[in-house]
Structures are given as C-alpha cells and as structure tokens.
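Here's the structure, in structure tokens; my notes come after.
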Amino acid sequence: MTISNEKISKQNGYQLHVINTKKFKTIHIVLKFRAPLTKENITKRALLPFVLQQGTTSYPTQNKFRQALDNLYGSELNMDGAKKGNNHILTLRMEIANQGYLTTDTNIFHEAVKLLHEVIYSPKASNGAFDENIVTREKQTLKQKIHSIIDNKMSYANMRLIDEMCAEEAYRLHVHGYEDDLESINAQTLYQYYQELLSKDQMDIYVLGDFSSINVEDTISSYFNHDRHTQSIENSKETYNVETTKEIEEQQNIQQAKLHLGYRTDITYGDSLYPALQVFNGVFGGFPSSKLFINVREKNSLAYYAASRFESHKGLLLVFSGIAPNDYKQAKQIILEQMEAMKKGEFSEEDVEESKKQVKNQWKETIDHPNGLIEILYHQVLANADRTPTEVLTQINHVAKSDLMEVASKLQLDTVYFLTAQGGKNDE
Amino acid sequence: MMNKQYYEQLKETLYANDLANGLQVYLLPKPEMSKTFAIFATDYGSIDQTFVPINQKDYITVPDGIAHFLEHKLFEKEDRDVFQDFTKRGASANAFTSFTKTAYLFSATEEIENNVETLLDFVQEPYFSDQSVEKEKGIIAQEIRMYDDQADWRAFFGTIGNMYHNHPVQIDIAGTVDSIQAITKEDLYTCYETFYHPSNMILFITGNFEPENMMQLIEANQQKKTFKTLNTIDRSFSNELPTVAKQKTVLEMPVSVPKCMVGIKENLQTVEANFMQQDLLADMLLDHFYSKSGVFYHELYEKDLIDDNFSFESNREKNFAFSVLGGNTTKPDQLADTIKEQLLRWKNTSLTPSEFERMKRKKTGELLRSMNSLETIAQQFIHYKTLGFDYFNLLPILDEITIEDANDYLQSWINDENVTVFQIMPTTEEK
C-alpha cells in the first residue's frame, strides 16, 4: 500500500505539492500561509479569514461570492487559523466536484483555481484598505467568538490550562486573538498587514485528487505566479525545566467539572523519539483501551471521558477528564498513578504492540481523509523534516518498551487545571 | 444468493444478500482505500418505547433512554469488554443511538474478517447482569450531565420539545438521570430479544476487502446461530397533532451569548413514495435561503442578528419530520420575529429557473463530497434502506426533481401553527 505519492515542486514564491489519488470523488486545493506566532499579529491573523470570505472584486458581497461557489457545483471554501508549535498557520481549503462524475463540459478545476486566486489576490478592497463596513462587522463577529469560548467548557479548560502553563511562551497566544488588540485594527492596517503576509509568509499549495485528465501544475502556476519575499523560519528547539507544578482552580456555574493536566514532553515531530511518543500516548491515554480510560472511567466510574493527546510541534502532552466536582482528589490521584505506572514500566509488551497497531491504524485512517492526508504531509514542512508518512509507520514498528520508558522519563508535570462547580467542595 | 449492482455515474459496485435468518447484508468494496468501515445496525432507537415484546401479546412501555443504555451494555461481556477485542487488532469500535437506530461499528486497516466476526458475535451474544447494569447508571449519568452543560444540545432538544405534544422524539436520547435509574436487566433482555432479531437488522461493510469471501464468512457465522421466530414488531406511537405543542420557551443557562432556535414541524405520519425527493428538497430549500449564499441569511446578517455559529438542519424519519435553524444572537427576540416573518413569505415565493439550477448543482457537489467518507456512505445507506429506499439513487432522483416540485414544497411548508421558538438566555444572577 502506498501512503501517498506526493510530488513537490518549487514554484515562484511557494512550494506546490501534488497528490494524485483515486480515493475521492472531489478535488482538494489547500493553501497554507505560515508565520511566527506573535502577540502583535495574532489578532489580525484571526480576523483575516472572516474578512476574506466576505467578497471579492468580481463578487463584492458574501451572498454573490457564495452563489459563485454554489454555481461551481457546490464548491466548498473555508479558511481558518491554527497554532502549530510556535507558528501560526492560515489555511484556505477549497473542495470541488471531480468532473469525472458530472455531466457538464465546463472546466471546473480551472474555474475553481481562478476563483481561489481572486479570493486571495483580489479581495474586496480599494485605496489600500479593505471594505470599512466588512471589517467593522467582522470585528464584531470575532469579538463574539472570543466571548463565547467560555461556553464550551472543554475548550475553555484547555485554553486556560495553556494560559497558565505557557504564560511566558508564544504558544500561550489565543488562536482567536484578543479583544483589546481588536480595537486598534482598522480596514487600512488590516490590509497593510495582509499585503505583508502575502509577500512574506511561507506559502505551500496542496492539490489532491484524481487527475487523470487535468494538468495541475500548469493551471496552478498560471494563476499563482507572484514575486514574493519569503522570510525563512527557524525551528528553535526549546527545553523546559519544571521546578514546581502549578495548581490552578476556577469555579463556574457548571454541572460537570473539568480536570486537565499539562506535561512537558520535550519531544517534537523531528525528534527520533517522536514515534515512541505516539505509542506512549496510545498506552497511556490516546484510546479507549488506554490506562486513563480503563482506570478513571471503567474501573472507578469517575468520568465520562478521560484521555490524553500530544502537540506534535510544541512538546506537550495534555490530559483531559470530565468528572463530578466532588471526585477531584480521587480522579487526580488515579491519573497521576497511571503516569507513575508508565514511568516504572508497569505495562506489558502486549500493551506496546497493541498501541503500535492502533497508532498505525489511526495514521492509515487519517490518510483516507483528504484533509487528514494533507495535514500529515504538512508536518514535514513545519518540522523541516524529511520523515515521510511511510517512514513514520516503519519507525512505529521498531518502537520498543524501553523507548516508551525513555519517553516517560522525559515527561514533567507542569500544570494541573481544575474547572469546578461553584461552592463545590473538593478538599475532603 | 448474492446480488451485484453497478452504479454507472458513481462508478461503484454494491453486493447485496438477504440471509435465511432475515439479516440484510450489503458490501461496497473500495480497494483504493486503506481502511474498512463496518456498521451493524438495528431499526431501534429512542422513539421505540411502546411495543409488543417478541412472543407476547400486550404492549409495554419501557423507561426513557433504554435503547442508549442497551447500546452501552452490549460491549460488556461476562469476562471482558469487547472494545479490547478490537483494539488488540488495532481497530477502533464505537456505537451510537439515534431517534430510530442503534448502530455498532468499527474501522480497521488489518484483520478485517476477524473484526467482522467480532462485530457480529458481540452484538448477537448479550450478557447483562444486575451488577453491571447498576454500574453503568453512574457512567451514563455523567454522559447526560455533560450534555446538560452543552447549550447547543439543550437548544436543539428544547426546540424539538416545543414541537411535539406526544411523540417520543422529544425525549432526550440518553434519557434523564432519573429515568435511567428504573432500568433493569430484565428490561434490557426484553428490548434486546425483540429489536435485535436479525430480521430487524442490516450489516453494511465498505472499504478494502474481497466481497465473495466476506459474504461467505458472514453467512457461515449466521448459520451457526439460532433465533426465535419473529414476524413483525408491533410498535405504538400515540397520535401526534400537526401543530406545535408550544409556541415559545425560554431557558436560562450560564452562556455568554444568547441562543435562538426556530423549529418547523411537518405533518408526516407514514413514509410515502416521494420520501427521498422530499428529504432532498427540505435540505436544498433551507440551504437556498439560509446558507451563506441565501437571501434570508443575508438579511439576518445585514441586520446584525446572527454570527457564524448560525446553522440549520432537517430530520425526516418514518413518522416525524422537522427542521431547526438558528444560533447565537445578541437580539434573540428580533431574530425569532425576523425568521418567522421570512418563513411566512415562502407561501408567496417562487424560485427562478437559475436559482433552481444553482440549488441542484450545489446538491450534486454536496452528494459527491459526502461519498468521500466511508462512514457517511454506510450510515446514509442504512438510513434510507430501513425506510425502503436506495441511497445510491439520490443523484438520479435529484436530477428528476422539477422546479414545480420545489415550489410546491416551499409554498406549503409553513402554516400558522407549525413554527416554534426556543431561546437560551444568560443566567440572570451571573454577569
């Protein structure tokens, strides 16, 4: 089985990645803009996806713009920002029907690339500024988004854990930006920043689908051909020494409390221990068969969910659980015991083999999804690493129990965050 | 006998077989994929509360949330948790309960045949004990409490609650913390033996496998098992009026931004021949007016009544159909009034040919996109098959819909008594 046959070519100012596969009935075009994560720019980068989707020169209202997409056989277009380690990635995704399943003669791929290019290079703007009304309105939209984070308790607790844990690091920055910084952004300053982004951000274009009759490279490079002045991004490796674990408690009017723990792993995508970290997470908390789920939920009925995941480009392992407010002490103790057991090697070779199978299964399933495959391939760009998805799979095969114990020995508990019910007693 | 059908436009081949015990098996090989997804579903969900148990004469009514409870308990056997049988092979298993279905599923990239055997065997070999039923009550209570904190979930079920007088679709799928306390081991066996009979179930497998061998394995597995005889299952649903039960409800919750949902109830008693067409039209019309390209969406956006959390959805099943639209808003009353006023305009609205063409094109692209996902294919196929239709015919059916069909649907959709409003307001004692 081939994981992917990615063909990478250098174009004028960006890298083009073409993935030819018969798996899907649609074609995906994904653009990625990468810049260092900074407080100065994060709010502008959070606002841009909202503004850019409101219209272009030829389709000056959101309504007209979306109708153009609908006419193109229900093409989907969306844009968002994300943190990956110390980078901010602005992603624009377009998905179009593959002509092979339609009865039309219109060259849909060509039309789609043209529209996509217009979204990026001819947004609705004049005299060096975006449309004033759109910016004012979308600032409001983003503000509401910032305010409503608190309504999803799981994401809120996760955000607060990172606030406390990474208080001095770029990674603390909220992906939706900050209300205070929003005030000072206007149609002009946002447009100026956008021009800077278009010139300086590291840019990658992915095109994925069944291209039996389409020349992807020619079409893309005929539209995307602008002189750019890309700034190179350094991958500086950070290491942390946790001296004392921070304990944070917060109260809200809620039914179910959230107990989240943050560990430093000191292992990122490019590191040789990265495959072992994936397997470690599988034994510890990544799956329903993991220690966390079995011990917190199944054996003690303490939680509806208890799991862990890791951040591939930042070196964090995060534990999440939803528990009854009164069970704090017991749940925390059981979670810490599971980590202790990992450190002491209290797991079998069978557990390791099972986790390896699950991790490999998860990778193979991810690449059956168009966006999943592109995200996996983009890891290599982010980490500036040559490790292909196929190599990751091979390396997972070679992980041994001793590697997991080495991972465990590097883990340091940095912060325990507890979001609980008002007046809830948790010290009994 | 295994039946083979090729769908020209989709370039897909489906293998079908009705087994001697009544089980319907469908296989859709997709050798280009690395994984296989299998789903084993029963035509039994949260609405099936009053029925005649197998080999009995009288109707009984079981506690709210029992179908979902049963779903949880099937994974637990006397000696082990079946999840582990899948995870040992690197597969992942899951299950869900909806209004009308309970489904067990796995996805795997290795040992597909062993996983299929495990799926069939664990669903067809229940083990319930008093002790394990009691233990599960704690876990499900946590799940219910988690949903209780989710404002979007509460808003959705609140809207359904407003629409229905009697129909059990208004009951939360998991039941309540109180209702599940009454569930016993005996209740579980009664529901199980009635609704998990093979003649009430469908097995659908799609992905990377060889169909002939797979079908043989399934047949051999089923031949080894014996089941009681079951003709049809008598289910009872109390009469439902076409009007909404409540015009408006307001709930207070600790949210930062209010929510406002509008529900449209349809008077659907039985499945008609045009079910798929109606299903497509409800989606297409809501989309035409309320997606980002829609004129009504545009009006709401211009009046600053919505944010990008605005959404809409349609549900259509054997004896109920409704749509829900809405989302976050700083002006919940104004949003409710504006949407209700918009909906009333439909009576006098006719689509233009170019609008109708755009709707069709959009739906075509959407259907192709949804077929990228093995999960969607499997679930949608079962949804339509249970009602007597073929999911893979959606494209031709879409093609045949006329602008007159669309206008008829649109103009008769809304009357004065089938629209309701449900709002969530920030708790007053909080800031």
Worksheet item: What's the longest bit of chain B with no exposed GluC sites (Glu not before Pro), using DSSP loop states and at most 14 other Cβ atoms within 10 Å as the test?
Response: B:79-271
Item to complete: Report, in deg cm²/dmol and to the nearest 500, the calculated mean residue ellipticity at 222 nm for chain B, where each DSSP H run with n ≥ 4 adds -39500 (n - 2.57) and the sum is divided by the residue count.
Response: -12500 deg cm²/dmol
Item to complete: Do me a favour and compute the ellipsoid semi-axes for chain A from its Cα gyration tensor, root of five times each eigenvalue, largest one first, whole Å.
Response: 40, 28, 20
Worksheet entry | Förster radius 45 Å - calculated FRET efficiency between B:GLN181 and A:HIS398 (Cβ-Cβ, nearest 0.05) | 0.35
Worksheet item: In peptide B:87-98, what is the residue-averaged number of other protein chain Cβ atoms found within 10 Å of each Cβ?
Response: 4
Worksheet item: Can you sort B:THR190, B:THR232 so the residue with the fewest Cβ neighbours within 10 Å comes first?
Response: B:THR232, B:THR190
Worksheet item: What are the residues whose amide H is under 5 Å from the amide H of A:HIS88, where those residues sit 5 or more places off or on another chain and H is modelled from the backbone?
Response: A:ALA35, A:LEU37
Worksheet, complete the sentence: Longest principal axis of chain B (C-alpha) makes with the long axis of helix B:112-124 (C-alpha) an angle, in degrees to the nearest 10, of 80
Worksheet entry | Distance-filtered residues of the range B:14-40 - backbone nitrogen under 20 Å, label point 7 angstrom along B:MET1 Cα→Cβ | B:14-27
Item to complete: Can you give me the three principal axis dimensions of chain B from its C-alpha atoms, in Å, biggest first?
Response: 63, 54, 43
Worksheet item: Cα-Cα pairs above 15 Å in the range B:74-129: how many percent?
Response: 47
Practice prompt. Step through the table entries B:LYS265/B:LYS347; A:LYS7/A:LYS200; B:LYS246/B:LYS340; A:LYS39/A:LYS410; A:LYS32/A:LYS139, compare each Cα-Cα distance with 18 Å, and write down the pairs that go over it.
Written response: A:LYS7/A:LYS200; A:LYS39/A:LYS410; A:LYS32/A:LYS139
Worksheet item: So how tilted is helix B:151-163 from the main axis of chain B? Cα-based, degrees 0 to 90, rounded to 10.
Response: 80
Discussion item. Using the basic label-point model (7 angstrom from Cα toward the beta carbon), what is the B:THR226 to A:HIS226 distance in nanometres?
Written reply: 7.5
Discussion item. Using alpha carbons only, how many angstrom separate the centre of the range B:292-309 from the centre of the range B:191-211?
Written reply: 43
Item to complete: Please quote Rg/Rh for the protein assembly as shown to two decimal places, taking the Kirkwood radius as Rh and restricting both calculations to Cα atoms.
Response: 0.94
Worksheet item: Near A:ILE19, within a Cβ-to-Cβ distance under 15 Å, what is the net charge of the other residues, with Lys and Arg +1 and Asp and Glu -1?
Response: -3
Practice prompt. Would you pull out the residues with amide H under 5 Å of B:SER46's amide H, same chain only if 5 or more places away, H placed 1.01 Å from N?
Written response: B:SER98, B:PHE99, B:THR100, B:LYS101
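Suppose R0 equals 41 Å. What FRET efficiency, 1/(1 + (r/R0)^6) with r the Cβ-Cβ distance, do B:GLU341 and A:GLU40 give to the nearest 0.05?
According to the calculation, E is roughly 0.35.
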Practice prompt. Identify, among A:THR239, A:LEU393, A:ASN371, the residue whose Cα sits farthest towards the positive end of the charge dipole of chain A, taking +1 on the Cβ of Lys and Arg and -1 on the Cβ of Asp and Glu, with the dipole about the Cα centre.
Written response: A:ASN371
Discussion item. Under 4 °C and 1.567 mPa s, how fast does the range B:3-223 diffuse according to Stokes-Einstein, given a Kirkwood radius computed over C-alpha pairs? Answer in µm²/s, whole number.
Written reply: 69
Worksheet entry | Distance between the range A:358-383 and the range A:188-208 - C-alpha centres, whole angstrom | 25
Worksheet item: When we measure straight from the Cα of A:LYS153, which lysines land under 16 angstrom away, once same-chain ones fewer than 8 places off are left out?
Response: A:LYS145, A:LYS258
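Readers should treat all values here as calculations from the given coordinates under stated rules, not as data from a laboratory. Every value quoted in this text rests on a predicted model; they were computed, and no experiment measured them. Glycine also receives a Cβ, built like all others from the backbone with ideal geometry; neighbour counts cover every protein chain displayed.
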